[in-house]
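Taken together, the values in this text are just the output of simple stated rules run on the coordinates, not laboratory data. Note that this is a predicted model, so its numbers are computed, not measured. Glycine gets a Cβ as well: all are built from the backbone with ideal geometry, and neighbour counts include every protein chain shown.
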Amino acid sequence: GSEDGRLQRVLSFSALGKPCALAMFHNMTTTSLPTVAISGFFSAKGNDDREVAAEDRGDWTGIRVLVDQEFEECLKLRWQLSEQYRRETFKEFAVEMVLDRTAQDKHPDDSRPLQPAADAMVKRVPMGKDCEAFIQNMPTGRNFLVSVVGVRTAGRGQLRSPWIRARTLSDKTRELDLGNFDPMNMPRASCERCPCPGYVPLRWGLNCSGKLCCRRCGCNYTEHTVVEVDAILKARQERACAQLRRKSVTPLPQDALEWDSRECSLWFWTSGGLHPRKTAGEHRPTPTGGGSSASASDRLAGKKGRVSVVTPTTESRHEFHETLWACFLA
């Protein structure tokens, strides 16, 4: 209740531990119109529970750089100007980056500002008058020091932001169970916007729109080409029918999308009896299922009374291969 006796209700909203800018109220009366006030609070913690520096609490002047999102080969940055500076008074901005060699030397209690080594090689990326940057083609799993330099108009010199730490993700920390499937459960391949060779997903939720990007290049999943698995496998089967002079062949399994031409040929020649990724042999694990009628242990260790015959052949004599396979299974 308030001092004047009116009933007040205070509600706190958050999504996944982060402030939420959307609120829906249910079970409200239709006879009265409530007065709503929104109060904001600054947290003493930043992303990943890192302490927020003094300039992040508003006690800063000049340029402040923020890391929006980190990817394997990309950094998404943005920067702000304090109240005494206007964006129109700057001719251009540039992002400067150096490899961070101070991470191991800097003590946790050291409050001195970050500063790159005097002999550090500085990479400068001009950004024009933009106040955000999407820097790609960066090395994976590396630590950087990042600063933004603003060149002022009318020869008033330049302004530099404090150096901050940023990093690119390592490709060794990918969540392999996600495969190359986008949020719509569609397989994606190379990017149409950048040289990214293949889509790498991030684990995402309904409140994490930034997670809809490729973990490698940072581009949205819609920028990556959709892999039409059924169409690709059907085209391979049609080519096999023409090469083997058959009306039909055993359909390829879904995991055959990653097979090369030799593996597909083994599948077609054996009418699906030999799965090239599940055969047992030297340097191969024992398969869990599939494959030919002979057991995996028999193929690996041999069977008493049988001999192995090596038959040199060529692809042009593939019409005889079916007979060889039938003899092997006899």
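Structure values in brief
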quantity: Residue-count net charge about Pro197 - beta-carbon cut-off 15 Å; Lys, Arg +1, Asp, Glu -1; calculated: -1
quantity: Segment Arg78-Arg246, length gained on full extension (0.36 nm per residue, minus Cα span); calculated: 54.5 nm
quantity: Simple spin-label estimate for Thr153 and His318 in nanometres, 7 Å along Cα-Cβ; calculated: 6.9
quantity: Length gained when the stretch Asp119-Leu99 is fully extended (0.36 nm per residue, less Cα-Cα span); calculated: 6.1 nm
quantity: Over 22 Å between alpha carbons, listed pairs Lys172/Lys234; Lys172/Lys278; Lys123/Lys172; Lys76/Lys129; Lys211/Lys234; calculated: Lys172/Lys234; Lys172/Lys278; Lys123/Lys172; Lys211/Lys234
quantity: Debye intensity ratio I(q)/I(0), log10, segment 59-102, q values 0.29, 0.34 Å⁻¹ (C-alpha model); calculated: -1.16, -1.27
quantity: Difference of contour (0.36 nm per residue) and Cα-Cα distance, Trp60 to Ser271; calculated: 68.9 nm
quantity: Efficiency of FRET between Glu238 and Arg174 - r from beta-carbon atoms, R0 30 angstrom, step 0.05; calculated: 0.30
